[in-house]
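Notes to accompany the following structure.
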Amino acid sequence: MASLPLRVSETAREIMTGAGDSTHLAGRVSRLGSVYAMSPRSAFMRTLPTIPIVKGVHTHSIIPVCGNGNPLSRADDGVVSYASAHIPGVESELVVRHSEHSTQSNPFTIAEVRRILLLQLAQGAIAPAAPRP
């Protein structure tokens, strides 16, 4: 249903094969999987921030953080720090306070996803759904 942009796919292939000049894995990958990939020590997580946002791709960020009073420099969602989740150069960023790691059911998160989808629909970035018969 969805595919990765070519640049991301090529970079992932280079990481896995050790063929790229951005990361060298000594010809082998010792661990694979979603949990390892999210580790700050994984080659994937070290390389991902070096891939620039492709011009013309609309990017938005929703970052949950626990509590209300912590400055963002010390805020986290119980798993990931704000500093790690923040992506410079996105079109919009919403920090959802009082929200832990799984923020998808938070009303503020839902409203932001709706806002982004309506914005992209208005800009013609996505086609409206065909009417049902």
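The values are calculated or read from the model by the stated rules, or taken from the named source; none is laboratory data. Predicted model only: the values in this text are computed from it and were never measured. Virtual Cβ from ideal backbone geometry, glycine too; neighbours counted across all protein chains shown. Each accessible area value is taken on the protein alone, full model and side chains, heavy atoms only, with ligands, DNA and RNA left out. Shrake-Rupley method; radii C 1.70, N 1.55, O 1.52, S 1.80 Å.
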Find all pairs meeting these conditions: Cβ atoms under 8 angstrom apart; at least six residues apart or on different chains; first residue within segment 91-103 and closer than 29 Å to LYS55 by Cα; second residue hydroxyl-bearing (Ser, Thr, Tyr) and in a strand (DSSP E or B).
SER92/SER61; GLU93/SER61; LEU94/SER61
Residues of segment 53-107 being assigned to a loop (DSSP other than H, G, I, E, B), open to solvent by less than 50 Å² (accessible area, probe 1.4 Å) and farther than 22 Å from THR11 by Cα, in sequence order, are VAL65, CYS66, GLY67, ALA75, ASP77, VAL80, SER99, THR103, ASN106
Please determine whether any residue of segment 18-29 is touching a helix residue (DSSP H, G or I) at 6+ places or on another chain (Cβ under 9 Å), modelled with pLDDT under 80, open to solvent by 90 Å² or more (accessible area, probe 1.4 Å) and under 23 Å from GLU100 (Cβ atoms).
no
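Report whether or not ARG114 is within 27 Å of GLU10 (Cα to Cα), open to solvent by 80 Å² or more (accessible area, probe 1.4 Å) and without any contact (Cβ under 8 Å) to a residue 24 or more places away in the chain.
Details: within 27 Å of GLU10 (Cα to Cα): no; open to solvent by 80 Å² or more (accessible area, probe 1.4 Å): yes; without any contact (Cβ under 8 Å) to a residue 24 or more places away in the chain: yes.
The answer is no for ARG114.
Right, LEU119: more than 18 Å from the chain's Cα centre (by Cα) and surrounded by 13 or more Cβ atoms within 10 Å (Cβ to Cβ) or not? Break it down into steps so the answer makes sense when it comes.
Values: more than 18 Å from the chain's Cα centre (by Cα): yes; surrounded by 13 or more Cβ atoms within 10 Å (Cβ to Cβ): yes.
It is true that LEU119 is more than 18 Å from the chain's Cα centre (by Cα) and surrounded by 13 or more Cβ atoms within 10 Å (Cβ to Cβ).
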